[in-house]
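What follows is a single structure, written as structure tokens, with notes after it.
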Amino acid sequence: MTILVTGSTGHLGRLIVAALLARGVDPQTIRAGARDLAKGADLGVPVVRLDYTDPASVAAALYGVDTVVLVSGSEVGQRVAHHRAVIDAAKDAGVSKFVYTSAPKATTSSLVLAPEHKATEELIAAAGLPAVILRNNWYTENYAADLARAAETGTLSAGTGEGRVASASRKDYAEAAAAVAIEDGHLGAVYELGGDVAWTYADLAAAMTEVTGREVVFVPLSADEQLAALRAAGLDEGTAGFVVALDAGIRDGALADTDGTLRRLIGRPTTPLVEGLRALV
């Protein structure tokens, strides 16, 4: 079996490669897809050029591959086109398993990030690929900048209200991707993945207090207050609006659900919030 991991030089992709190796997969049967080969030199597996905008490179990377792990792209607004290139190549290559890292409840969520993931899932289905969909909740690492700012100011400001987030560390999600890539019995599954505990931003502030040693207070903002604060911080209108919409989705429960699926796939509890934050400092 040959496994291709796309985006292998990114945060999640690197961890998926490492998780495959930790599970005893032969390094020579793993292909790390990367736009810049030099960035993958330390992965310990063969690195192949894979540029979403160059269909020939995508087709070559997938030649002879049995399993594809498509790590969702990081370029908002470009994801669907980039993902389509891999999906089309996977269909042509006749892969036996296609794993995609999606977003929570991608086909029904009002979360501002969901539409590109919904479109990608629809493309996978239309292509008839034997797939496993991993709908990843938030990564605790997403709060690195908030943690650094809280350490300086003693405040955590957001428009999330009492909304909850079932975050886990990237390593947790990477282990799940590795598990479904190499294990039988997952084809056709759509897994909603999240941390064992869904926490509020007040809980996040308390965790930041424990990690930084400085009292951090959560300051809830209305949408208008948050938009004004983001503009004052120098964000352009589009970016500020995106952040406000993202927080509104959290406030409305888009990231609140957790049912233990991630824990079951990785065979251990997910990384606690405090531990995940502590790893960032």
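The values are calculated or read from the model by the stated rules, or taken from the named source; none is laboratory data. What you see is a predicted model, and the numbers here were worked out from it, not measured in a lab. A quick note on method: Cβ atoms are made from the backbone with ideal geometry, for glycine too, and the neighbour counts reach across all protein chains shown.
Is it fair to say SER109 is hydroxyl-bearing (Ser, Thr, Tyr) and assigned to a strand (DSSP E or B)? For SER109, the condition - hydroxyl-bearing (Ser, Thr, Tyr) and assigned to a strand (DSSP E or B) - is not met.
Condition check ((1) surrounded by fewer than 23 Cβ atoms within 10 Å (Cβ to Cβ); (2) within 29 Å of GLY77 (Cβ to Cβ); (3) at pLDDT below 95) across all residues:
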| site | (1), (2), (3) |
| --- | --- |
| ILE3 | no, yes, no |
| PRO27 | yes, no, no |
| ALA32 | no, yes, no |
| ASP42 | yes, no, no |
| PRO46 | yes, no, no |
| LEU50 | no, yes, no |
| SER57 | yes, yes, no |
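Determine which member of the set VAL274, VAL211, VAL216 is more than 22 Å from LEU134 (Cβ to Cβ) and surrounded by fewer than 19 Cβ atoms within 10 Å (Cβ to Cβ).
One residue alone meets the criteria, VAL274.
Looking only at the range 225-234, decide whether some residue is modelled with pLDDT under 95, over 30 Å from PHE98 (Cβ atoms) and not in a helix (DSSP H, G or I). Taking every residue of the range 225-234 in turn, at least one turns out to be modelled with pLDDT under 95, over 30 Å from PHE98 (Cβ atoms) and not in a helix (DSSP H, G or I).
If the condition is being surrounded by 23 or more Cβ atoms within 10 Å (Cβ to Cβ) and either closer than 20 Å to ARG170 by Cα or assigned by TED's automatic domain parsing to the domain that holds ASP252 (or both), then the range 100-123 contributes TYR100, THR101, SER102, ALA103, PRO104, ALA106, HIS117.
May I ask you to say which residue of LEU21, LEU12, LEU62 is touching a residue at least 24 places away in the same chain (Cβ under 8 Å) and closer than 19 Å to PRO130 by Cβ? Sole residue among the options that is touching a residue at least 24 places away in the same chain (Cβ under 8 Å) and closer than 19 Å to PRO130 by Cβ: LEU62. For the range 61-76, the criterion of being of a type outside the set (A, V, I, L, M, F, W, C), in a helix (DSSP H, G or I) and surrounded by 14 or more Cβ atoms within 10 Å (Cβ to Cβ) is met by no residue.
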